[in-house]
Amino acid sequence: MNILPTTGSQVLKIIPRKDASDPVIKLTNKDTNKTVTVTPTKTDEGQYMVLTGTFTLTVDTLYRYSVEVSASDDEEIYRGLIFATNQSNLEKYFVNENVYTEEDSYDNEFIIL
């Protein structure tokens, strides 16, 4: 899962199934199930394909995305998830922080017969 800011330049660093010269990203909002197509700028860093673009993301929303070879070739070369947030320190951001609450309504005793 990639955690991206909702504003500014967003960067996806992926290892695709195969290389593409003009990849496109199909970005689907998991709440509304609406898909938009984004044409990012592609650069290479070793084995990684780095896709830089400006996506319109809604805060605290999960997106499903797939990277395709080009606008005319819909072969999928990568897929993943994006979580959009306005948190400033993304390296220390946790999606589930303070979400889990421990169940304490039982005493954890069992009977052996």
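Computed from the coordinates by the stated procedures, all read-outs in this text should not be read as laboratory data. Predicted, not measured: the structure shown is a model, and the values here were computed from it. All Cβ positions, glycine included, derive from the backbone under ideal geometry; neighbour counts span all protein chains shown.
So if each residue of separation counts as 0.36 nm, and I subtract the Cα-Cα distance between V11 and L81, what length gain in nm does that give?
Details: separation 70, 0.36 × 70 = 25.20 nm, distance 1.31 nm.
Gain in length upon complete extension: 23.9 nm.
Quick one: net charge around T61, please, counting Lys, Arg +1 and Asp, Glu -1 for every other residue with C-beta under 10 Å from its C-beta.
On the way: positive: K30; negative: D31, D60.
Result for the local shell: -1.
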